[in-house]
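The values are calculated or read from the model by the stated rules, or taken from the named source; none is laboratory data. Every value quoted in this text rests on a predicted model; they were computed, and no experiment measured them. Cβ sites come from the backbone with ideal geometry, for glycine too, and all protein chains shown count toward neighbours.
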Amino acid sequence: MTNLPPARSLRVPIERDGFVFILPTLGVSGLLYGLRFPWWATAVLLLAAFLAYFFRDPERAIPQGERLILAPGDGRIVAIKAFADWKGAFGEPLTRVSIFLSVFDVHVNRAPITSVVNAVAHSPGRFVAAWGEAASAENEQTLIHFASPDGDVWVKQIAGLLARRIVCRVRQGVKVAAGDRIGLIRFGSRVDCILPATAELKVRRGQAVKGGSTILGVIP
């Protein structure tokens with residue numbers, strides 16, 4: 001008898017927050033089919049399919065290496081700028097890499113470096129379009145400080161025009177490995193990665209990146 005290799009699973013994992021939206025939508029679709037409203041039922045079923053697609057949570061190949069800074073989210077880089085340390089709280093020159101996540105991108109966020117979470121701070125704010133420059137400073141956001149012996153990196157989870165819910169699943173004192181899941185933002189958003197200005201950048205403005213897989217930079 002021939003031993004066959006195990007079949008690969010084609011299932012794409014769904015982020016658990018997504019089931020709050022997906023299951024009721026499927027229920028409404030089934031009810032409409034039962035009431036003999038097939039066109040409406042199909043439309044709602046398609047909405048459920050989109051929600052499953054939006055909340056997908058695929059596995060990623062995490063690059064291995066010392067002092068690598070990984071992209072904290074999927075999307076397109078809309079800005080690479082010097083980060084203004086307006087309150088002296090960061091203590092070193094920094095660079096901000098901003099990633100815009102459209103509704104078609106994976107919205108699960110990942111840790112940029114192997115580190116300890118030094119602080120988590122949530123700030124209320126506006127909900128302007130996340131691709132605009134004003135979103136980094138004005139929108140509702142959660143700032144996560146990742147501290148490591150090689151250097152510190154900050155990640156801002158930023159709400160957008162449609163995103164009204166930031167989910168942060170790490171807290172102060174938690175150890176994370178580079179590429180670990182740390183939360184998500186619902187329905188279009190922005191993620192800023194703030195890294196040492198001395199880091200050697202490996203990306204450019206306009207480039208598409210994958211959370212946990214794309215190397216943003218290397219700490220010297």
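Per-structure values
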{"quantity": "Residue tally, condition crowded, with 22+ Cβ neighbours inside 10 Å and over 10 Å from the mean Cα position of the chain (by Cα), over the range 157-177", "calculated": "3"}
{"quantity": "Lone qualifier among ALA84, ALA61, ALA134 - being out of contact with any strand residue (DSSP E or B) (no Cβ under 6 Å at 6 or more places or on another chain), modelled with pLDDT of 90 or more and exposed (fewer than 13 other Cβ atoms within 10 Å of the Cβ)", "calculated": "ALA61"}
{"quantity": "Residue satisfying condition, being modelled with pLDDT of 95 or more and either of a type in the set (A, V, I, L, M, F, W, C) or more than 16 Å from LEU101 (Cβ to Cβ) (or both), within set VAL174, VAL153, VAL209", "calculated": "VAL209"}
{"quantity": "Hits in the range 25-41 (condition: over 21 Å from ILE14 (Cβ atoms) and of a type outside the set (A, V, I, L, M))", "calculated": "TYR33, GLY34, ARG36, PHE37, PRO38, TRP39, TRP40"}
{"quantity": "Qualifying residue in the range 49-57 (condition: assigned to a loop (DSSP other than H, G, I, E, B), in contact (Cβ under 8 Å) with a residue 40 or more places away in the chain and either crowded, with 17+ Cβ neighbours inside 10 Å or of a type outside the set (A, V, I, L, M, F, W, C) (or both))", "calculated": "yes"}
